[in-house]
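Novice: Below is the structure I would like to discuss, written out as structure tokens.
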Amino acid sequence: MSQINLDDLTLGQLKQIQSLGADSTTDKQSIAISMVGKYVIVRSRNEGINAGVVKQADETGVILEDARRIWYHKPKDKSVSWYEGVAQTGLSNDSKVSCQVTEKAIIEDYSLSVCSAEAEESIRGIKSHEQG
């Protein structure tokens, strides 16, 4: 069997070789990667609801910058509901959030909802709830 000189491969041949190893994980990564840099609300099983800027994301989890946990929430606009409503209109004044942390990793299944500019401003600006 003859050996292949890697230096002699064309770009097209390299792409063909790369496609042989492609699987559904690549598709999942590309979806998650498309969210990098966006301010989002993250919902996960154990970590609950958090908000922040996506720094890194793949099928294993997400890393948020400027993250806050939202542990009691109502949308500012009561005609929309759940955390998707918060992602659209922001938080009501009686919502309860944590202080902001520089970085937070959520390592489990998660979903992301992109926030509007109005919602981002609301979530970033709401006062942290004091523990009693």
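Novice: Output ³J(HN,Hα) for the range 124-131: one whole-Hz value per residue in order, computed from phi by the Karplus curve 6.51 cos²θ - 1.76 cosθ + 1.60 with θ = phi - 60°, and x for Gly and Pro.
Specialist: Computed from phi, the couplings for the range 124-131 are 5, x, 5, 5, 5, 7, 7, 7 Hz.
Novice: How long are the three semi-axes of the equivalent ellipsoid for the range 25-125, computed from the Cα gyration tensor as the root of 5 times each eigenvalue, in whole Å, largest first?
Specialist: Over the Cα atoms of the range 25-125, the semi-axes work out to 22, 13, 12 Å.
Novice: Taking the Cβ of Gln56 as the center, what net charge do the other residues with Cβ under 13 Å away carry, scoring Lys and Arg +1 and Asp and Glu -1? Before the final figure, lay out the partial values.
Specialist: Details: positive: Lys38, Lys55, Lys104; negative: Asp58, Glu59, Glu65, Glu103.
Local net charge: -1.
Novice: Under 16 Å between C-alpha atoms is the cut-off here; go through the range 25-125 and count lysine pairs that meet it, provided they're at least eight residues apart or on different chains.
Specialist: Numbers: Lys38/Lys55; Lys38/Lys104; Lys55/Lys104; Lys74/Lys96; Lys76/Lys96.
The number of close lysine pairs in the range 25-125 is 5.
Novice: How large is ³J(HN,Hα), in whole Hz, for each residue of the range 34-48 in order, when computed from phi with the Karplus curve 6.51 cos²θ - 1.76 cosθ + 1.60 and θ = phi - 60°, using x for Gly and Pro?
Specialist: Those phi angles translate into 5, 8, 4, x, 8, 7, 9, 9, 10, 10, 9, 5, 8, 8, x Hz.
Novice: May I ask you to evaluate 6.51 cos²θ - 1.76 cosθ + 1.60, the Karplus curve with θ = phi - 60°, for each residue of the range 108-122 and list the ³J(HN,Hα) values in order in whole Hz, giving x for glycine and proline?
Specialist: 5, 4, 8, 10, 10, 10, 6, 8, 6, 4, 4, 5, 4, 4, 5
Novice: Let me ask something else about it. Report the calculated FRET efficiency for Lys96 and Asp58 (r = Cβ-Cβ distance, R0 = 22 Å), to the nearest 0.05.
Specialist: 0.15
We did not get these values from a lab; they are worked out from the coordinates using the rules stated. All values derive from a computational prediction rather than experimental measurement. We place every Cβ from the backbone using ideal geometry, glycine too, and count neighbours over all the protein chains shown.
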